[in-house]
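Visitor: Quick one: the structure is below, questions incoming.
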Amino acid sequence: MDIDELAETFELLGDWEERYSYLIDLGRKLPALAEAERNEETKVRGCMSQVWLVGGLESDGRMRFNGDSDSSLVKGLIALLMALVNGKTPGEILALDIAGSFQRLGLESNITVNRRNGFYSMVERIRALAAAVRR
Amino acid sequence: MSYGLDSSYPLERIRADFPILAQMVRGKRLAYLDNAATTQKPRAVIEAISRYYETSNANVHRAVHELAERATTQYEGARDRIARFFNAQREEVVFTRGSTEAINLVAYSFLRPLLKAGDEILVTGMEHHSNIVPWQLVAAERGASVLAAPVLDDGSLDFEGWKKLLSERTRFIAVVHVSNTLGTVNPVAEIIREAQARGIPVLVDGAQAVAHLPVDFAALGADFYTLSAHKLYGPTGFGCLLGRRERLEAMPPWHGGGDMIKTVSFAGSTWAEPPYRFEAGTPDMAGAIGLAAALDYVEALGLEQIAAQEHRVLEYATPRLREIPGLRLIGTATGKGGILSFVLEGAHAQDVGSILDMEGVAVRTGHHCTMPLMARYGVSATTRASLACYNGEDDIDQLVAALHKAVRLLRS
């Protein structure tokens, strides 16, 4: 699933209710992190909802992550994010315009831009991890 | 402007007084139900502030020119207006940036010098962080401690539990008048009576009370009472500490600067009398004038009428919310104010808030700066709808319809 396919799917969905419903479904399909994986180390700074991220660079030179949240909407956003970044090289990840991609999906700013929901912190952490292993 | 006491509540006319309410949000009618966070401002307040800047702005208490005189007259007139509204003497009205700063002022200027190791400061388990943390800061410095009285399941104060915590170690009592999270109206008169019998000074945090019930500072007998203008239809960044004259007179300054001194020399300075002793620097003239205009507005409307309307809407909303499957109200104390805090089973408060937002409903989600209270109820966050004078049954209908959508989306 790449960004073009996603954008197409979101365009087919009519109003915000359908988009939110699809987003929540995506989140439900995302495998939950095990209790042990949700710890202080994997927790991403956020205020209103909790967000965890595991994963990193694998032996094939590509990065793979897994994320989780106690918020259904944020978990849906994480599912989208995983679809965007998983299997890419650190360089490819750094070249992505993640904010622009989410804007293209027409997801309302209140859930994507709200820094308090931890989602943006997750994007920042993924970028930092990619930058750290690129060298 | 006058709204007759005998007529039915003029909701539409009141709404027309608040320009911000006329807009559409996310393509929907705006149902503003986040009034415990901040209330909207009537045109009369916005215009009073504009008029001040357009016609009278100058620094107060300093120059002899015409504008300075006009500004000073309006600014000190606002103090008189505020004093009259709360039945305090004008010297008892200290201008601050809000309730938080007022509490900090008392913590640092009044309590800190008195506090000794082993002393106790008694609060309740339903305090806002701003009525906990300032006390913790001064307590930590002096080896004192902050104790919290228990809260009962319905959100009311466990008054017997509170009394049990009173002892000869209790140096100070700080209590919230109306809980911002639960709406509980605390028995402040009884609390003050018990405290006075033991000679313990009391501060009442009135931030959440003053827009919803009449406060008579002289009759109440609290040593200190704090409020924020922005929760009372006034501007942000302004508020008051109401302090008993004899208390304020005995207190040293907290902030130093211009306007709070009698004389300054390098051998030592002397302080102005209260309230000026606590008002260092150029004050928020427009803030004071804006609050005075807000009080005029509220008085013309009648606080009793506003309270009655909020009560009506609360009574309408409570059973409607209870009908929503999996909804649990947090805070159901008898006689509570217009605050509806709840959790939806299986739904994160942030998701509920986001979905309500898409339906034009503005509520607050989170811990509401009352983390100990969240722990008390075993939740990490609630969704909170809070009422003001311009809310009606239609706002509740919009909230309830949006909540049904949230249930459908988040639990299907």
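Visitor: Using only alpha carbon pairs under 8 Å that are at least six residues apart, calculate the relative contact order of region A:20-84 and give it in whole percent.
Guide: Working: 85 pairs, mean separation 25.0, N = 65.
RCO, region A:20-84: 38 percent.
Visitor: Based on the mean of other beta carbon atoms within 10 Å per residue, what is the order of B:271-277, B:249-255, A:71-77, most packed first? Provide the component values of the computation, followed by the final result.
Guide: Working: B:271-277: 18.9, B:249-255: 15.4, A:71-77: 27.1.
Ranking the peptides B:271-277, B:249-255, A:71-77 by packing returns A:71-77, B:271-277, B:249-255.
Visitor: Under a plain spin-label model, where a point goes 7 Å from the Cα along Cα-to-Cβ, how far apart in nm are B:R247 and B:E91?
Guide: The modelled label-to-label distance comes out at 1.6 nm.
Visitor: Evaluate the relative contact order of chain B (contact order divided by residue number), counting alpha-carbon pairs under 8 angstrom at least 6 apart; express in whole percent.
Guide: Value for chain B: 23 percent.
Visitor: So, one more: How many percent of the alpha carbon pairs in region B:46-299 exceed a separation of 30 Å? Kindly include the intermediate steps, with their values, before the conclusion.
Guide: Working: 8986 of 32131 pairs.
For region B:46-299, the fraction of Cα-Cα distances above 30 Å is 28 percent.
Visitor: Pull up all non-local amide H partners of A:V44: gap of 5 or more, or a different chain, and H-to-H distance under 5 Å with H placed in the peptide plane.
Guide: A:V51, A:W52, A:L53
Visitor: Further, regarding this structure: Explain nothing, just compute: Karplus ³J(HN,Hα) = 6.51 cos²θ - 1.76 cosθ + 1.60, θ = phi - 60°, for every residue of region B:311-323 in order, whole Hz, x for Gly and Pro.
Guide: 5, 4, 5, 4, 5, 6, 6, 4, x, 5, 5, 5, 6
Visitor: Could you check the simple spin-label distance between B:S167 and B:H129, using points 7 Å along Cα→Cβ, in nm with one decimal?
Guide: 3.0
Visitor: Average partner chain C-beta neighbours within 10 Å, per residue of A:15-26?
Guide: Working: counts 2, 7, 6, 1, 1, 8, 4, 0, 1, 6, 2, 0.
Partner-chain Cβ atoms within 10 Å, mean over residues of A:15-26: 3.
Visitor: Let me ask another. Check the straight Cα-Cα distances from B:K262 and name the aspartates and glutamates below 15 Å, setting aside those fewer than 8 residues away within the same chain.
Guide: By straight Cα distance, B:K262 reaches B:E249, B:E273, B:E279.
Visitor: By per-residue mean of other Cβ atoms within 10 Å, what is the highest-first order of B:68-79, B:92-103, A:50-61, B:375-386? Don't skip to the end; give the middle numbers.
Guide: On the way: B:68-79: 18.3, B:92-103: 24.6, A:50-61: 15.8, B:375-386: 20.8.
Descending packing order for the listed peptides: B:92-103, B:375-386, B:68-79, A:50-61.
Visitor: Quick one: if the Förster radius is 30 Å, what FRET efficiency do B:D397 and B:A37 give, using the C-beta to C-beta distance and rounding to 0.05?
Guide: 0.85
Visitor: Computed on alpha carbon atoms, what radius of gyration and Dmax characterise chain A, expressed in Å?
Guide: 14.2, 44
Visitor: Quick one: 3J(HN,Hα) in Hz for region B:338-349, Karplus 6.51/-1.76/1.60 with θ = phi - 60°, rounded, Gly and Pro as x.
Guide: x, 10, 10, 9, 7, 10, 10, 4, x, 10, 6, 4
Visitor: Once fully extended, how much extra length lies between B:A117 and B:L21, figured as 0.36 nm per residue of separation less the alpha-carbon to alpha-carbon distance? Provide the component values of the computation, followed by the final result.
Guide: Working: separation 96, 0.36 × 96 = 34.56 nm, distance 5.16 nm.
Extra length from B:A117 to B:L21 when fully extended: 29.4 nm.
Visitor: Which residues in region B:362-394 place their backbone N less than 18 Å from a point set 7 Å from the Cα of B:K28 along the Cα-to-Cβ direction?
Guide: Answer for region B:362-394: B:362-366, B:383-387, B:391-394.
Visitor: Additional query: Say a paramagnetic label sat at a point 7 Å from the Cα of B:L137, along Cα to Cβ; which residues of region B:238-275 have their backbone N under 18 Å from it?
Guide: What the label zone holds, given the 18 Å backbone N cut-off, is B:238-241, B:252-257.
Visitor: Per residue of B:345-352, how many C-beta atoms from partner chains lie within 10 Å of its own C-beta, taken as a mean? Walk me through the numbers on the way to the answer.
Guide: Numbers: counts 0, 1, 2, 11, 3, 15, 14, 3.
Per residue, the number of nearby Cβ atoms from other chains is 6 on average.
Visitor: Also: Specify the angular offset, from 0 to 90 degrees and rounded to the nearest 10, of the alpha carbon long axis of helix A:3-12 from the longest principal axis of the alpha carbons in chain A.
Guide: That works out to roughly 20 degrees.
Visitor: Now for a separate question. Using a Förster distance of 60 angstrom, determine the FRET efficiency expected from the C-beta separation of A:L57 and B:S269, and round it to 0.05. Can you show the working numbers first?
Guide: Working: r = 64 Å, r/R0 = 1.06.
Efficiency at R0 = 60 Å is approximately 0.40.
Visitor: Something else now. Given labels modelled 7 Å from the Cα in the Cβ direction, how far is it in nm from A:E92 to B:H61?
Guide: 6.7
Visitor: Assign unit charges at the C-beta atoms only (+1 for Lys and Arg, -1 for Asp and Glu), then state the dipole size of the protein assembly as shown relative to its Cα centre in Debye, rounded to the nearest 20.
Guide: Values: 58 positive and 68 negative charges, 194 e Å.
Roughly 940 debye for the protein assembly as shown.
Visitor: If packing is taken as the mean number of other Cβ atoms within 10 Å per residue, what is the order of B:235-241, B:340-346, highest first?
Guide: Most protected by this proxy first, the peptides run B:235-241, B:340-346.
Visitor: From the backbone phi of region B:374-383, what are the Karplus-calculated ³J(HN,Hα) couplings (6.51 cos²θ - 1.76 cosθ + 1.60, θ = phi - 60°) in whole Hz, Gly and Pro given as x?
Guide: Taking θ as phi minus 60°, the curve returns 4, 4, 4, 9, x, 10, 9, 7, 10, 9 Hz for region B:374-383.
Visitor: Is there a simple number for the mean count of other chain Cβ atoms within 10 Å of the Cβ of residues in B:380-392, and what is it? Could you put the intermediate results ahead of the total?
Guide: Numbers: counts 4, 4, 0, 0, 0, 0, 0, 0, 0, 0, 0, 0, 0.
Average per residue, whole number: 1.
Visitor: Can you flag which of A:K29/A:K75; B:K28/B:K336; B:K28/B:K405 are past 19 Å Cα-Cα?
Guide: Details: A:K29/A:K75 10 Å; B:K28/B:K336 30 Å; B:K28/B:K405 15 Å.
Distance filter (> 19 Å) returns B:K28/B:K336.
Any read-out appearing in this document is the output of simple, stated calculations on the displayed coordinates, not a laboratory observation. Small disclaimer: the values here were computed from a predicted structure and weren't measured. Don't worry about glycine lacking a Cβ; one is built from the backbone with ideal geometry, like all the others, and counts go over all protein chains shown.
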